[in-house]
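For reference, the structure discussed in these notes is given below.
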Ligand code: AMP
């Protein structure tokens with residue numbers, strides 16, 4: 001027997017419609033690339049999203065067409081989120097930090113019809129314009145006064161595009177399984193692959209994000225996503241904020257400690273989200289300038305493992321609770337968040353820390369398990385580690401246009417490519433990416449654990465650990481260090497510091513110092529490049 005409940009489709013347009021109606025005066029504050037801080041409200045954002053939707057319709061953009069953005073976090077980008085997906089077209093958020101050849105590849109692969117971009121990226125697009133096969137026009141998100149001289153063949157001024165339309169539009173209704181946005185992930189091998197989100201998956205994910213045990217976003221919050229809107233929809237915040245009526249602060253391109261702090265302070269931000277490298281810059285700025293974070297109650301750290309030293313700095317020095325989070329673009333992206341349980345209320349901080357460094361508990365809606373190489377499920381004892389498998393209504397089914405082939409096993413499980421433990425309380429901890437784990441004498445060493453311990457030293461700015469081949473042990477760890485400014489610390493001092501904090505046989509065989517550690521377009525340590533850089537490195541005592 002089917003229920004007698006209404007079968008209204010879950011559509012992204014309803015988020016901005018709701019925010020405009022019930023939180024119409026709540027602000028969206030953006031640092032524009034033109035310079036000034038821009039402020040307006042959800043009501044205005046809704047109006048302008050409808051104007052944009054009409055402009056797209058006038059250009060023949062319709063259900064399923066791809067419309068790209070190459071843009072920072074800002075109000076016009078947000079309007080694209082709702083204007084494009086609202087009419088059933090697909091918003092393709094391109095990561096501008098990709099190599100130009102990759103941008104060309106994904107724009108062509110996605111068959112983008114339009115690209116909405118910022119002033120910052122006009123030169124980048126000019127250099128590749130003749131290779132963009134399907135692009136009919138490039139919309140520069142600025143006003144007439146700021147329109148640049150450009151060689152782009154079909155440049156359109158965003159504000160002029162909008163000015164030509166009114167906001168008399170009822171959002172169309174369609175199947176909630178319709179694709180809404182597209183985001184390419186750059187694997188370390190092969191071409192980037194497109195993750196195609198839908199209206200239903202996005203709505204369910206947004207609901208989850210707002211719940212107390214996930215991000216706990218609400219109308220009481222002012223949220224600043226430092227995580228870019230081109231990185232898995234700013235981890236879903238661009239949708240979750242209007243769903244709950246949270247004030248939204250969008251930082252544009254200025255992501256250094258000083259500029260992020262300025263917004264956190266002036267706008268009284270209560271919750272923020274970003275990758276560890278961004279928080280490192282903020283913490284350095286706070287320490288150097290003796291500033292505090294009186295308004296902020298929590299910050300989400302994800303994308304890479306949050307080191308214990310970073311968690312302690314936020315919690316002990318600034319009274320900001322860290323929500324360690326794990327996920328991936330293929331999961332929309334939230335998979336786990338690290339919130340404590342009621343029974344831990346009486347724990348001392350030192351008892352909580354071992355949980356806080358973990359990536360957290362599964363969110364309702366995400367099934368998780370770990371398996372060995374033969375597919376057998378491993379115990380949830382916090383010790384056994386294996387391939388982390390997930391499934392759920394906001395986990396991908398397969399990549400755009402079938403790239404990468406079949407990605408699910410018989411039980412619909414998706415292999416995350418991560419290796420993890422699951423403990424009896426349900427907390428998951430990432431050991432490594434499967435391809436980064438160091439195999440020493442038949443056992444595995446977690447590069448993440450070693451990095452976390454090393455960056456705990458105050459004279460270490462950043463640490464990366466890679467496996468170097470070894471005649472006896474197969475692989476042994478090499479610790480690569482970027483020293484903190486002004487430091488001349490030596491390798492032995494760092495190894496002494498690590499002693500007692502890790503198993504003896506995990507101790508790196510050597511320490512190398514570099515000026516910079518390479519990062520991917522989403523801020524992760526680029527181990528493949530490091531491995532190439534140190535391909536000929538011979539560990540002490542390892543010469544055959
Ligand atoms: P992306 O799709 O770019 O968001 O990358 C997803 C991958 O980032 C995951 O599969 C993990 O390897 C890594 N990742 C994300 N969050 C964390 C975290 N909190 N700790 C460790 N690794 C993480």
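The values are calculated or read from the model by the stated rules, or taken from the named source; none is laboratory data. Remember, it's a predicted structure, so these values are computed and weren't measured experimentally. With ideal geometry, Cβ positions are generated from the backbone for all residues, glycine too; neighbour counts draw on all protein chains shown.
At-a-glance table
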| item | result |
| --- | --- |
| Meets criteria (closer than 30 Å to residue 460 by Cα, away from the ligand (no atom under 16 Å from the Cβ) and either touching a residue at least 24 places away in the same chain (Cβ under 8 Å) or within 19 Å of the chain's Cα centre (by Cα) (or both)) for residue 250 | no |
| Subset of region 447-463 that is assigned to a loop (DSSP other than H, G, I, E, B) and touching a residue at least 60 places away in the same chain (Cβ under 8 Å) - its residue that is surrounded by the most Cβ atoms within 10 Å (Cβ to Cβ) | 455 |
| Pick from region 209-238, criterion within 16 Å of the ligand (Cβ to nearest atom) and not in a loop (DSSP other than H, G, I, E, B), ranking: farthest from residue 70 (Cα to Cα) | 209 |
| Members of region 202-214 found to be more than 16 Å from residue 325 (Cα to Cα) and either more than 17 Å from the chain's Cα centre (by Cα) or surrounded by fewer than 24 Cβ atoms within 10 Å (Cβ to Cβ) (or both), listed by number | 203, 204, 207 |
| Selection from region 394-431 of residues that are farther than 28 Å from residue 381 by Cα, out of contact with any strand residue (DSSP E or B) (no Cβ under 6 Å at 6 or more places or on another chain) and assigned to a loop (DSSP other than H, G, I, E, B) | 397, 398, 405, 406 |
| Single residue of 350, 319, 373 found to be more than 16 Å from the ligand (Cβ to nearest atom), at negative phi, outside the structural domain of residue 195 (by TED's automatic domain parsing) and at pLDDT 95 or above | 350 |
| Every residue from region 326-342 that is in contact with a helix residue (DSSP H, G or I) (Cβ under 8 Å, 6 or more places away or on another chain), in contact (Cβ under 8 Å) with a residue 24 or more places away in the chain and over 22 Å from residue 198 (Cβ atoms) | 338 |
| Total residues in region 239-270, condition over 26 Å from residue 91 (Cα atoms) and in contact with a strand residue (DSSP E or B) (Cβ under 8 Å, 6 or more places away or on another chain) | 8 |
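Every residue, every condition in (1) outside the structural domain of residue 450 (by TED's automatic domain parsing); (2) within 16 Å of the ligand (Cβ to nearest atom); (3) within 28 Å of residue 231 (Cβ to Cβ), yes or no:
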| position | (1), (2), (3) |
| --- | --- |
| 305 | yes, yes, yes |
| 311 | yes, yes, yes |
| 332 | yes, yes, yes |
| 343 | yes, no, no |
| 354 | yes, yes, no |
| 369 | yes, yes, yes |
| 377 | yes, no, no |
| 384 | yes, no, no |
| 396 | yes, yes, yes |
